[in-house]
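Shown next, in structure tokens, is the structure this report addresses.
The values are calculated or read from the model by the stated rules, or taken from the named source; none is laboratory data. Note that the structure is a prediction, hence the values are computed from the model and not measured. When we count neighbours, we look across all protein chains shown, and the Cβ atoms used for this are built from the backbone with ideal geometry, even at glycine.
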Amino acid sequence: MMINQAIHDLEKNGFTIIDDFLTGEELTLIQKDYLDLRNEGKFKRAGIGKGSDLHLNDQVRSDETYWLDSLALNSSQQTLWNKLELLKQELNQGFYLGLWDFEAHYSYYPIGGLYQAHLDRFSKDDARTISMVLYLNDEWALSNGGELRIHQKDPSLPPMDVVPTGGKLVCFFSAEILHEVLPAKKPRMGFAGWWKRR
Ligand code: OGA
Ligand code: MN
């Protein structure tokens, strides 16, 4: 993992992309866990906002999610958690952020699914500090769409469209980076998480 590069990118641009965060074996392990949970019907339509602000809206967001339980991880999930814990330590050393808690869900975007431009930080709760998304698709053709569109902090730069290829990880500052999921022509699988400050 090119951690130094990641810290440098985050500092400069507010986001970073790590192409092969997962090895092929790790990706297979997590994909299997994901598909098992989907087959068991554990995914639910995602809401927008938090608490009493929570609502469903197809126009804004159309993914289904499964929130992982950090106190009851199976061995595949634990493998991923351990890897992300190491990344968290690097981020804390790089930025003195005091990242502590982590929350995460698997996500499934059906064909045509999208998530309109948004920030990941809630208006009433500013704990979310660094967001991460990890893609669990196999190969992903450009013609499938479904890119993660990252709006640059520097408005003179064009947005960056990230292809959701399996094993790729994207990290960004939750309060700073406006981002959206473009509609896809194939179901789109991922894992999204947030490191929070105490
Ligand atoms: C999110 C999100 C991006 C993606 O879940 O908040 O922005 O590429 N996901 O799945
Ligand atoms: Mn988001």
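For the criterion of being touching a Leu at 6+ places or on another chain (Cβ under 6 Å) and in a loop (DSSP other than H, G, I, E, B), Gly112 fails. In summary, Glu139 fulfils each of the numbered conditions (1) more than 9 Å from ligand 1 (Cβ to nearest atom); (2) among the charged types (D, E, K, R); (3) in contact (Cβ under 8 Å) with a residue 60 or more places away in the chain; (4) under 25 Å from Ile111 (Cβ atoms) with the single exception of condition (3). Output the residue which, of all residues in the stretch 1-29 that are among the small types (Gly, Ala, Ser) and under 17 Å from the mean Cα position of the chain (by Cα), is surrounded by the fewest Cβ atoms within 10 Å (Cβ to Cβ). Among those that are among the small types (Gly, Ala, Ser) and under 17 Å from the mean Cα position of the chain (by Cα), it is Gly14. Gly94 falls short of the stated requirement of being modelled with pLDDT under 95, at positive phi and more than 16 Å from ligand 2 (Cβ to nearest atom). In the condition set (1) modelled with pLDDT of 95 or more; (2) touching a Gly at 6+ places or on another chain (Cβ under 7 Å), Leu56 is compliant with all but (1).
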